[in-house]
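Remarks on the structure that follows.
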Amino acid sequence: MYIQRISTIIVIAAASPALADVIEYEDEERPDFFAAVGGEANVSVVDFLGYDDLTLVRDQWAHLGVHFSGVVVVSGKSFGGYPNDGWGVEGYPYINLAFDQPMQWIAADLPGVTMIELYSNDQLIYTSTRLGGGGPGNFGGLISDQPFDRVRFFDPFTDVDFLDDIFFGPPIAVPAPGALAVLGGLALVIGRRRRA
């Protein structure tokens with residue numbers, strides 16, 4: 001009976017509808033992601049450089065408007081899976097980020113597997129599919145039509161999550177796919193009215 005209740009709860013949680021339309025990018029789509037957000041020059045980056053191994057991460061990147069919470073530590077010597085520069089972060093069991101201003105996109109280089117949850121005013125608005133896998137060198141990114149102010153990275157299979165570099169940015173001027181369809185339809189209607 002106890003196992004059955006847990007299974008029911010998991011099914012209900014997995015079936016929860018997303019409140020945001022999100023485009024997911026993985027691995028070889030990394031260049032497409034950065035092109036969609038205006039190029040890598042438009043990116044805020046947390047690379048976890050400059051701190052000793054196992055340093056607790058909190059407000060070291062507050063100047064970028066991001067704050068970490070929970071048990072999140074800088075990782076380098078203790079874990080060799082960060083191909084960018086040899087340094088990353090470990091979260092037990094999550095990597096939580098809160099932003100000073102709303103963001104519209106987030107990404108990370110992954111030395112394994114992660115999932116990403118987006119929150120707005122403490123309400124979950126999106127949960128990604130499983131991103132990455134198979135060792136270092138993976139990438140996962142999300143662009144949301146709804147701004148978010150908090151993010152949680154987690155590995156669905158273990159009680160620790162690893163990230164290499166994290167990339168994020170504020171709302172962008174590029175409309176989401178749903179908005180593009182509406183704008184396209186509006187342009188068609190306006191074009192027909194002008195012809196009449």
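Overview of results
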{"quantity": "Subset of region 24-46 that is within 15 Å of the chain's Cα centre (by Cα) and among the acidic types (Asp, Glu) - its residue that is surrounded by the most Cβ atoms within 10 Å (Cβ to Cβ)", "calculated": "GLU26"}
{"quantity": "Test: residue in region 61-73 that is buried (at least 16 other Cβ atoms within 10 Å of the Cβ) and over 26 Å from ILE143 (Cβ atoms)", "calculated": "yes"}
{"quantity": "Any hit, region 82-93, residues being exposed (fewer than 13 other Cβ atoms within 10 Å of the Cβ), at pLDDT 90 or above and touching a Pro at 6+ places or on another chain (Cβ under 7 Å)", "calculated": "no"}
{"quantity": "Strands (runs of 3 or more DSSP E) contained in region 77-129 and holding at least 1 residues free of Cβ contacts under 8 Å to residues at least 40 places away in the same chain", "calculated": "88-110, 113-120"}
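The values are calculated or read from the model by the stated rules, or taken from the named source; none is laboratory data. Since the structure is predicted, the reported quantities are computational estimates derived from the model, not experimental observations. Here Cβ is always computed from backbone atoms with ideal geometry, including for glycine, and neighbour counts include all displayed protein chains.
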